[in-house]
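*Asks:* My structure is below; once you've seen it, I'll send some questions.
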Amino acid sequence: MSAWRDDHYISLSEILLCIGKSLTDLQWYVKITEVAPEPGAEQLEALSPAAPLSIFQLLHLVTPGIQIIDGEITAKDESGKQRLLLRAVDSSSWDVETDLEHIVRALEDSYPELTHIE
C-alpha cells in the first residue's frame, strides 16, 4: 500500500492503530535502516533488532510525526511465530505480510487503495 495519501504520510502509528487491539499480545521487533530526522527518530534508530517491545512501547516511539524511510517491524506471538511484518520501502510504500485475516480486513477497510501481492 502507498505510504502517502495525497500529501498525508501514513505513519507506522496510524497503521498500528488501524489494526487495533489484536496486537496487544504480540512482541515487536524493530529494524530501522533509515528514518527522517524528526524529534524522537534517534530513539527508534537506536533500538536493537533483537530486543522485543510491547505494542505500547512501540507506539510510544512511533509518534505520528515519525517517518520511517526504510525498515522492518515484525510482530511475533508467544511461540515466536511471525504473525505480521510491516516493511517501509523508500518512504513510498508499506509492504504488509500476514496470515491473519482480521488484520487484512482492517487494513482494507481503512485503506481501500491497498493492493494485494501474492
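The values are calculated or read from the model by the stated rules, or taken from the named source; none is laboratory data. Nothing here was measured: the structure is a model prediction, and the numbers come from that model. Cβ atoms come from the backbone with ideal geometry, glycine included; neighbour counts cover every protein chain shown. Quick note on the areas: whole protein, heavy atoms, side chains included, nothing else; ligands and nucleic acids left out. Shrake-Rupley method; radii C 1.70, N 1.55, O 1.52, S 1.80 Å.
Rundown of residues vs (1) open to solvent by 80 Å² or more (accessible area, probe 1.4 Å); (2) at pLDDT 85 or above; (3) more than 13 Å from S91 (Cα to Cα), yes/no style:
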residue	(1), (2), (3)
Y9	no, yes, no
S13	no, no, yes
C18	no, no, yes
A36	no, yes, no
A41	no, yes, yes
S48	no, yes, yes
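*Asks:* Follow-up question, since we're still on this one. Kindly provide the set of residues from region 50-66 that are open to solvent by 30 Å² or more (accessible area, probe 1.4 Å) and modelled with pLDDT of 90 or more, ordered by number.
*Replies:* A50, A51, P52, S54, Q57 - these are the residues of region 50-66 that are open to solvent by 30 Å² or more (accessible area, probe 1.4 Å) and modelled with pLDDT of 90 or more.
*Asks:* When region 52-71 is examined, which residues are found to be over 13 Å from W94 (Cβ atoms) and not in a helix (DSSP H, G or I)?
*Replies:* P52, L53, S54, T63, P64, G65, I66
*Asks:* Which of (1) of a type in the set (S, T, N, Q); (2) open to solvent by 30 Å² or more (accessible area, probe 1.4 Å); (3) in contact with a Leu (Cβ under 9 Å, 6 or more places away or on another chain); (4) under 20 Å from V104 (Cβ atoms) does Q27 not meet, given it meets every other one?
*Replies:* The one condition Q27 does not meet is (4).
*Asks:* Filter region 74-115 down to residues that are open to solvent by less than 80 Å² (accessible area, probe 1.4 Å), out of contact with any Ser or Thr (no Cβ under 9 Å at 6 or more places or on another chain) and not aliphatic (A, V, I, L, M), then give me how many there are.
*Replies:* Adding up the residues that qualify gives 9.
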